[in-house]
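*Asks:* Okay, handing you the structure first.
The values are calculated or read from the model by the stated rules, or taken from the named source; none is laboratory data. Since we're looking at a predicted model, the values are computed, not measured. Heads up, the Cβs are rebuilt from the backbone with ideal geometry, glycines too, and the neighbour counts pull from every protein chain shown.
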């Protein structure tokens, strides 16, 4: 699915940030403004060929056990212990009794005799009939039966799919740029600041047999948390550390939905007919959404992904600098010295190198870096650059061979239980096929035209 998303995004200028950057740089260089659907036909051809390849080679990708399957049986990593009425620890606090922090795990919930859940605190008093729910290494936690006189409860308190009064279980993955990498949850403030309790950690589809709060986290790890029922306010603030796999936002349809759909349709029509530029069209649409009260100003501001926006701005500056300083012209001269003046060979060479780099760096940056090189190469051999640039758009979006080449890859890397080698096995041949198909489709849709 993620490969289809990457290939499908090439079909319009707004489908991927790199398309926007390349089209804006081309317009700044003096070319005619591309409309919304300029790359549509080459993109659809590439999508069709790529999907056929994926269907035919689907057995190349092994079946992986997702972390959700590893978390499928809650009693495997949680245990409920009962405090007998004659237990000597009754009347002490959890901390004094040594029941708060235990070897191999941690206390995640406590229920008193009246079935009322109390906040987990080492200052909470132990009473007869209390039910204590621990998470972690079960074998070590069960030693509390002999060391502290506890007993196994009759039934587990909760399961993975069950929602409780004030909490629920949710999974989150550790992204590649997370500040938690190399750290453990026990040493961070994540649980305290966001009212979370870590229950288990899975890596490559298998639960780690250790105390969850002591596991040094790696990129791609999946964590199971007990969370507040409404996680929406926390999930956004935690996005730079953890990516929660399930959205808590429920969008309601109504008159605003129709109005926003009409605004979006009008923007697509006006930009595709070149009545307004893409930038003008999107700004006008955003203002219209606010004016028609489809969203508030604060909602509009909160929806802006500043990380992506700053990346695009920096990429445009980088591409302009490469062009203005003459680096692009020098690199283009070097390429022509190696490849000659055959337009197909020049196009193939630049696209293959761009496709290689886009496996390691975000495609928006690669698009900005290679635009001036491809543009200058096309001019120097005497051809209109449009064909070359459409092929470049497809090549820089062929981020199939590594999980770090595109945000979509990172989103499924941990939750899907995939390995780096899985991306290589399917992604390397797919990258070559998509790049070659993109060049052929671009030449068919926009035939190579010599400059007048």
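*Asks:* Given the condition at pLDDT 80 or above and part of a helix (DSSP H, G or I), answer yes or no: does some residue in segment 75-95 qualify?
*Replies:* Within segment 75-95, one or more residues are at pLDDT 80 or above and part of a helix (DSSP H, G or I).
*Asks:* While we're looking at this one, here's another question. With respect to the numbered conditions (1) assigned to a helix (DSSP H, G or I); (2) within 30 Å of the chain's Cα centre (by Cα); (3) at pLDDT 75 or above, which one is the sole condition not fulfilled by residue 337?
*Replies:* The number of the failed condition is (2).
*Asks:* Please state which one of 167, 147 is out of contact with any helix residue (DSSP H, G or I) (no Cβ under 7 Å at 6 or more places or on another chain), modelled with pLDDT under 80 and over 30 Å from residue 422 (Cα atoms).
*Replies:* Going through 167, 147 in turn, just one is out of contact with any helix residue (DSSP H, G or I) (no Cβ under 7 Å at 6 or more places or on another chain), modelled with pLDDT under 80 and over 30 Å from residue 422 (Cα atoms): 167.
*Asks:* Taking only pairs six or more apart or across chains, which ones have beta-carbon atoms under 7 Å, a first residue in segment 108-132 that is at pLDDT below 65, and a second residue that is in a loop (DSSP other than H, G, I, E, B)?
*Replies:* Pairs that qualify, where the first residue is at pLDDT below 65 and the partner is in a loop (DSSP other than H, G, I, E, B), are 118/112; 118/124.
*Asks:* Then there's this: Residues 388, 370, 357: which one is touching a residue at least 12 places away in the same chain (Cβ under 8 Å), under 18 Å from residue 334 (Cβ atoms), in the same structural domain as residue 427 (by TED's automatic domain parsing) and within 21 Å of the chain's Cα centre (by Cα)?
*Replies:* 357
*Asks:* Tell me which residues, restricted to segment 253-273, are assigned to a helix (DSSP H, G or I) and farther than 11 Å from residue 289 by Cα.
*Replies:* Within segment 253-273, 255, 258, 265, 266, 267, 268, 269, 270, 271, 272 qualify.
*Asks:* Test residue 284 against the criterion of being surrounded by 13 or more Cβ atoms within 10 Å (Cβ to Cβ) and modelled with pLDDT of 70 or more, and give yes or no.
*Replies:* yes
*Asks:* Go through segment 369-383 and count every residue that is out of contact with any strand residue (DSSP E or B) (no Cβ under 8 Å at 6 or more places or on another chain) and assigned to a loop (DSSP other than H, G, I, E, B).
*Replies:* Adding up the residues that qualify gives 1.
*Asks:* Continuing with the same structure: Would you tally the residues in segment 8-48 being farther than 24 Å from residue 265 by Cβ, in a helix (DSSP H, G or I), in contact with a helix residue (DSSP H, G or I) (Cβ under 7 Å, 6 or more places away or on another chain) and at pLDDT below 85?
*Replies:* Counting residues in segment 8-48 that are farther than 24 Å from residue 265 by Cβ, in a helix (DSSP H, G or I), in contact with a helix residue (DSSP H, G or I) (Cβ under 7 Å, 6 or more places away or on another chain) and at pLDDT below 85 gives 3.
*Asks:* If residue 314 satisfies all but one of (1) at pLDDT 75 or above; (2) surrounded by 13 or more Cβ atoms within 10 Å (Cβ to Cβ), what's the number of the condition it fails?
*Replies:* (1)
*Asks:* Counting just the residues of segment 175-193 that are part of a helix (DSSP H, G or I) and in contact (Cβ under 8 Å) with a residue 24 or more places away in the chain, which one comes out surrounded by the fewest Cβ atoms within 10 Å (Cβ to Cβ)?
*Replies:* 186
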